[in-house]
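We did not get these values from a lab; they are worked out from the coordinates using the rules stated. As the structure is a prediction and not an experimental result, all values here were calculated from the model. Note: ideal-geometry Cβ built from the backbone for every residue, glycine included; neighbour counts use all protein chains shown.
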Amino acid sequence: MTTGRIPPVVIAITGASGAPYAVRLVEQLALAKRPVSLIVSSHGWRLLGMEAGIADITALRSRVGGVRWDAAVTVYDDADRGAAPASGSARSSGMVVCPCSMGTLAAIAHGTSRSLIERAADVTLKERRPLLLVPRETPLSVIHLENMLRVSRAGAIVLPAAPGFYHGPTRIDDLIDFIVARVLDHLGVDHRLSARWGDAAPRRGVDA
């Protein structure tokens, strides 16, 4: 159940490759005791199963940590376009679509909301709240690029899942943390996931 006075961050997981980024992001937000409104599309669940071995909400709760999950996460059905994230009157601290499929990006860019995820993103834009889209696609077509430009002009931040290497990654988890750290930075959530430019040495680990 979502608790606390801080409005929740809406986290959407869609069908682009990159499910491990989403799992780590939810884990870190729960660790930071930030309320989360979680929406997973049907294709998002398929990718969670394929890429992270997470078949259902029970498995995702277990991966994040049951106690932390129960204190921070509220789950919404993507088919329920009448749920709280669909309304501008429901407060939020912004929204992250991670990973963001090109189909979801296109729907957001053109305002054709057919699901709770797309409607919540539309609401986030119209209410001038932070909207972060984390696409993972390559190569990018002209249509993809034009849609990214369109959402950027509307106020969204396009943060591609393209990790850097200046922090000396040695594990896949280091690359995942690089992207999740950038998302957390834009949400104003403190973390110690990766080294910042100019740091003397990478700061490994955050879990307490």
Quick check on my filter: what residues within segment 45-78 are within 19 Å of residue 94 (Cβ to Cβ) and touching a helix residue (DSSP H, G or I) at 6+ places or on another chain (Cβ under 8 Å)? 72, 73, 75, 76, 78
Complete set of residues in segment 19-67 that are closer than 20 Å to residue 77 by Cα, among the β-branched types (Val, Ile, Thr) and either touching an Asp or Glu at 6+ places or on another chain (Cβ under 6 Å) or in a helix (DSSP H, G or I) (or both): 23, 26, 39, 57, 58, 64
Cβ pairs under 7 Å, 6+ apart or interchain, first in segment 138-161 and more than 12 Å from residue 105 (Cα to Cα) and without any contact (Cβ under 8 Å) to a residue 12 or more places away in the chain, second in a loop (DSSP other than H, G, I, E, B) and among the acidic types (Asp, Glu), ordered by first then second residue, are none
Tally of residues being touching a strand residue (DSSP E or B) at 6+ places or on another chain (Cβ under 9 Å) and either surrounded by fewer than 24 Cβ atoms within 10 Å (Cβ to Cβ) or farther than 17 Å from residue 59 by Cβ (or both) across segment 22-35: 5
In segment 42-101, what residues are more than 15 Å from residue 122 (Cα to Cα), surrounded by fewer than 17 Cβ atoms within 10 Å (Cβ to Cβ) and either without any contact (Cβ under 8 Å) to a residue 12 or more places away in the chain or aromatic (Phe, Trp, Tyr) (or both)? 49, 53, 55, 56, 58, 59, 62, 66, 67
